[in-house]
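Below is one structure, written out as structure tokens; the observations come after it.
The values are calculated or read from the model by the stated rules, or taken from the named source; none is laboratory data. The structure displayed is predicted, hence computed values, not measured ones. Virtual Cβ from ideal backbone geometry, glycine too; neighbours counted across all protein chains shown.
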Amino acid sequence: MSPTSRLPGFYKLTPDERAARIGEVLGLSPEDLATLTPDGGLQIAQADTMTENVIGVYGLPLGIATNLTVNGRDVLVPMAVEEPSVVAGLSYAARLVRAGGGFHAQADAPVMIGQMQILEVSDPAAARTRLLAARAELLARANAIDPVIVGLGGGARDIEVRVIPQSSAGPMLVLHLLYDTRDAMGANAVNTAVEALAPEVERISGGRVGLRILSNLADRRLARAWGVVPKEELALEGLTGDEGVQRIIEAYAFAAVDPYRAATHNKGIMNGIDAVAIATGNDWRALEAGAHSYAAQSGRYAPLTTWERDAAGNLIGSIELPLAVGTVGGATKAHPQARVALRILGVGSARALAEILAAVGLAQNLAALRALAMEGIQRGHMALHARQVAMAAGATGDLVERVAARLVAEGVIRLDRAAAILAEYGAS
Ligand code: MEV
């Protein structure tokens, strides 16, 4: 049985207490926990090997979202994010879906697309046919480059060739190498393979190979998640459950008809996905590029989630998007905190990570839509802000919540007011 992700009262603990609790629940070692402290993370010497002209190491808050269950397994979710309400929002929405049996998720095989641009081809249609006829030879060549990934069951899977009759640079062919990168995000493996194939592709096509690079529109590597929220869970803010479901469906409908709203809707989804991607050392820019290009694939920018009502009146949500993530390679292993984050998630494969990320994106979207459609987004932000102000005024322990609750109730979230309330409690 997996450890529970239900940790009531977790938010009331201090950061040290929370880390200890996570360590206890997941059986993390004292070294793992030490890695999560500001001094225990990425060291300057390691940072210096990761990028250029390094002068320091940049920190972000690392929070744990609770309550998530994916495919019957409870998951505690590490999130590196500076924005208030993201961690709380995920925990809240995960609890709503938990009441409906949790998230179900499924990810495709980790197949990436490597692109080759072929220019100056005299007869593009004939060149395309020759390239397709040489499929076996091209795949064999690509597979000879990285025996390790082939040994792990990955490697080149197929080629596709499109003729682009007209562009500002004349006609071109675009060759796609489909390449299974196993548990790596795979940029290095794919880029190496397409670069190595270039001379052979030039010989067969009679053209000149221009760019050779992976595509971030990783639409062979989709992940999807879905879940049900029993309507009773949405009887909130004085609404009936039916009305609550209706509010979420209306909020989704707005995104479905309007790209201005869809952009913000999808931004909310990526709030969660990026935070986990950063915590686990994954390339969140690649995920952003994949998500937004996939959202526009129909020719009209659309929301990545859908929200509907089932026959019993419950809310059903689903999401589908490319999720090119890895659990090996790059910063996932080089960054000490990313290693611990992967341990916290308990994932052993890129596909398992993609499934959790899809569920995270869907839950994050639900949290945003619920807040927006019921109370507005500011109230949740205010609660967190009020706790920060209460602490800044000197509140500790239980007083943090008591002072924050008073500040929120009064609608005045100021340091001087927090200090006055503290004085009332005789604790200033
Ligand atoms: C803010 O970071 C994200 C939201 O704007 C998402 C949304 O509007 O759906 C709240």
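Scan segment 231-240 and tell me whether some residue there is in contact (Cβ under 8 Å) with a residue 24 or more places away in the chain, touching a Leu at 6+ places or on another chain (Cβ under 7 Å), more than 13 Å from the ligand (Cβ to nearest atom) and among the charged types (D, E, K, R).
yes
Scan segment 276-305 for residues that are closer than 18 Å to ALA350 by Cβ and either outside the structural domain of SER91 (by TED's automatic domain parsing) or of a type in the set (A, V, I, L, M, F, W, C) (or both) and jot them down.
VAL276, ALA277, ILE278, ALA279, TRP284, ALA286, LEU287, ALA289, ALA291
Just for helices (runs of 4 or more DSSP H) wholly inside segment 324-389: which have at least 2 residues that are within 16 Å of the ligand (Cβ to nearest atom)?
It comes to 350-374.
Within segment 146-190, count every residue that is of a type in the set (A, V, I, L, M) and either in contact with a Cys (Cβ under 7 Å, 6 or more places away or on another chain) or farther than 23 Å from ALA331 by Cβ (or both).
The first filter runs over segment 146-190 and keeps only residues of a type in the set (A, V, I, L, M), leaving 148-150, 152, 156, 159, 161, 163-164, 169, 172-175, 177-178, 184-185, 187, 189-190.
Of the ones still in play, those that are also either in contact with a Cys (Cβ under 7 Å, 6 or more places away or on another chain) or farther than 23 Å from ALA331 by Cβ (or both) are 150, 156, 159, 161, 163-164, 169, 172-175, 177-178.
Summing the residues that are of a type in the set (A, V, I, L, M) and either in contact with a Cys (Cβ under 7 Å, 6 or more places away or on another chain) or farther than 23 Å from ALA331 by Cβ (or both) in segment 146-190 gives 13.
For segment 89-111, indicate whether the set of residues that are away from the ligand (no atom under 16 Å from the Cβ), farther than 19 Å from VAL276 by Cα and touching a Leu at 6+ places or on another chain (Cβ under 6 Å) is non-empty.
yes
State which residue pairs qualify: first residue within 9 Å of ASN67 (Cα to Cα) and inside segment 90-101, second residue among the polar types (S, T, N, Q) and not in a helix (DSSP H, G or I) in any location, beta carbons under 7 Å apart, and separation of 6 or more residues or different chains.
SER91/THR66; SER91/ASN67; ALA94/ASN67; ARG95/ASN67; ARG98/ASN67; ARG98/THR69
Checking the conditions here, which among GLY241, GLY227 is surrounded by 14 or more Cβ atoms within 10 Å (Cβ to Cβ), within 22 Å of the chain's Cα centre (by Cα) and under 26 Å from THR69 (Cα atoms)? Even if it seems obvious, please write down each step before you answer.
On the way: GLY241 fails: within 22 Å of the chain's Cα centre (by Cα).
GLY227 is the lone residue from the list that is surrounded by 14 or more Cβ atoms within 10 Å (Cβ to Cβ), within 22 Å of the chain's Cα centre (by Cα) and under 26 Å from THR69 (Cα atoms).
Please name all residue pairs, on different chains or six or more residues apart, with Cβ atoms under 6 Å, provided the first residue is in segment 260-281 and is farther than 18 Å from PRO61 by Cβ and in contact (Cβ under 8 Å) with a residue 24 or more places away in the chain and the second residue is in a helix (DSSP H, G or I) and more than 11 Å from the ligand (Cβ to nearest atom).
From segment 260-281, the pairs are ASN266/ALA295; ILE269/GLY361.
Would you mind stating whether ARG406 is closer than 30 Å to ALA262 by Cβ and assigned to a helix (DSSP H, G or I)?
No; evaluated as a whole, the condition is false for this residue.
From the list GLY41, GLY114, GLY56, GLY102, exactly one residue is more than 22 Å from THR305 (Cβ to Cβ) and buried (at least 21 other Cβ atoms within 10 Å of the Cβ). Which is it?
Just one listed residue meets the conditions, GLY114.
Any chance segment 248-263 includes a residue that's more than 16 Å from the ligand (Cβ to nearest atom), assigned to a helix (DSSP H, G or I) and either surrounded by fewer than 23 Cβ atoms within 10 Å (Cβ to Cβ) or at positive phi (or both)?
Scanning segment 248-263, I find no residue that is more than 16 Å from the ligand (Cβ to nearest atom), assigned to a helix (DSSP H, G or I) and either surrounded by fewer than 23 Cβ atoms within 10 Å (Cβ to Cβ) or at positive phi (or both), so the answer is no.
Looking at segment 297-313, can you tell me whether even one residue there is of a type in the set (Ser, Thr, Tyr), at negative phi, touching a residue at least 40 places away in the same chain (Cβ under 8 Å) and part of a strand (DSSP E or B)?
Taking every residue of segment 297-313 in turn, at least one turns out to be of a type in the set (Ser, Thr, Tyr), at negative phi, touching a residue at least 40 places away in the same chain (Cβ under 8 Å) and part of a strand (DSSP E or B).
Show the residue pairs that are 6+ apart or on different chains and have beta-carbon atoms under 6 Å apart, the first residue being within segment 14-28 and outside the structural domain of VAL340 (by TED's automatic domain parsing) and over 15 Å from VAL77 (Cα atoms), the second being surrounded by 11 or more Cβ atoms within 10 Å (Cβ to Cβ) and modelled with pLDDT under 95.
none
Which of the residues spanning segment 120-157 are touching a Leu at 6+ places or on another chain (Cβ under 8 Å), under 23 Å from GLY207 (Cα atoms) and not in a helix (DSSP H, G or I)?
VAL121, ALA156
Kindly evaluate GLU320 against the criterion of being within 16 Å of the ligand (Cβ to nearest atom), among the acidic types (Asp, Glu) and either under 30 Å from PRO110 (Cβ atoms) or in contact with an Asp or Glu (Cβ under 7 Å, 6 or more places away or on another chain) (or both). Give the derivation first.
Numbers: within 16 Å of the ligand (Cβ to nearest atom): no; among the acidic types (Asp, Glu): yes; either under 30 Å from PRO110 (Cβ atoms) or in contact with an Asp or Glu (Cβ under 7 Å, 6 or more places away or on another chain) (or both): yes.
Taking the combined requirement at face value, the residue does not satisfy it.
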